[in-house]
Structures are given as C-alpha cells and as structure tokens.
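Everything below concerns the one structure shown next.
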Amino acid sequence: ILAGHMRRFPPDTVIFSEQEPCAGMFVLFKGHVHISTLGPQGKQNIIADINPVIMFNEVALLDGGPNPYSAVTTQKCIAWQISRAAYLKLLQRHAQDVYMQVSLGLLDIMASRYRQLLGNYADLSFLNVPIRVAKLIYELSDNGQTPINRQGNSLVEMAAHIASVPEAVSRALNFLKCQGIIATSRTAITILKPEELARMAMIGSGDIFTYGHKE
C-alpha cells in the first residue's frame, strides 16, 4: 500500500487516456468511473462502468505498455494509484526468486492476451447491436410488462450495458419502434408487443435485424 498513494478526482475528470504512456494501476474506493475506448469513427465507446472496490488499468502496469482504454469519473472519486516504476521497484526485491521470474513471465503473457481481448471486445460493440438492445429492454421492462424510465436509462447508460455507442442504440430503438414493437417518448419506453420482443431477443442472427448493415 505504501508503494502507491491515494488520489481524489472531481466529477467529469479524465484519469488517463487511451494509448497514452502507462498511468499505473488504480483501485477505486469511492465514486464511479466510465471505461471507454475509441471507436472506428473516432467516438468514445463505453465498455464498462467501474464501481468500488475494483482495480483497473492493471494490464498497463504489468506489461508497461500504453493505457488500453480511457477512464473518466462521473462523480467525486477516491482511488489508490501505483506507478509502473513503483511496481518494478517492488519486484526487484524478489528478482532472484526463480518462482517470481516464472510468475512474471506468465503475467506478461496474460497481459498480452488481455489486450487482445480488449480489442476484440471493442469490435464486438459494433456488431449485432439490435439484438442486444432487444434483450436489454426486455430485461429492463420486466419481460415487457413495465415501461422503462428513460431518465434512469439514457442512451449512454443503455449503450454502456451492452458495450455499444448511443447512436447505435438509438437506431435499434427506432427500428423496434417502426416495427410496432415499442413506443417511445422523452420519458419512457413502452413495450407494445412483449412476445415479439422476446422472440427477437432470443434470435442470434435473425433476418429481421438485417436492415442494411451491421452496427
């Protein structure tokens, strides 16, 4: 613990940015953080919501590479941070331990594979969005029985739940609306045809969702 230090961040603060030099590892103790990556069209794609207590940016700490994503606070946050230099200094104390050397080698491999998975996950966020939106609103509406309050489920929050972007979620909602499956207003999303929505949500690659291109 003494190798790192506690930090406080106000709301809407960029803790670190994607592809910048390693910012070290953080452990969030208070607050809420959005983890995002840059999408193909240059827009931020929220891939995770971070709540206490959890660590993040551990991959950059392990392999010394650039930050694999960006982290932005959504409210006041308190986090513990350890730099790459401090981490390496700790390791040097046990550098002669054979088991430690083997473990570090394995960690490098794991970090490399995790970076690859992050890349694949970012690509996934632009595929089959309508299906994931259908599943999400089916769950949020208690299987289609309760209107969804949009104040607590904005496009940004819905996109975060399914690892997508707000624009793609909006297009999927408009598609479902045109099909007469849902009705939307500024305050609520109402399910008009729960059975049809459930059927669509269970389709892995249904033709009904092929409307010109993949999101």
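Which length gain, in nm to one decimal place, applies between Lys76 and Leu38 when the Cα-Cα distance is subtracted from 0.36 nm times their residue separation?
The span from Lys76 to Leu38 would gain 11.3 nm if fully extended.
Can you put Ser17, Ser70 in order of Cβ neighbours within 10 angstrom, beginning with the fewest?
Ser17, Ser70
Values in this text are rule-based calculations from the coordinates and carry no lab data. Worth saying up front: this structure is predicted, and the values here are computed from it rather than measured. So basically every Cβ, Gly included, is an ideal-geometry build from the backbone, and we count neighbours across all protein chains shown.
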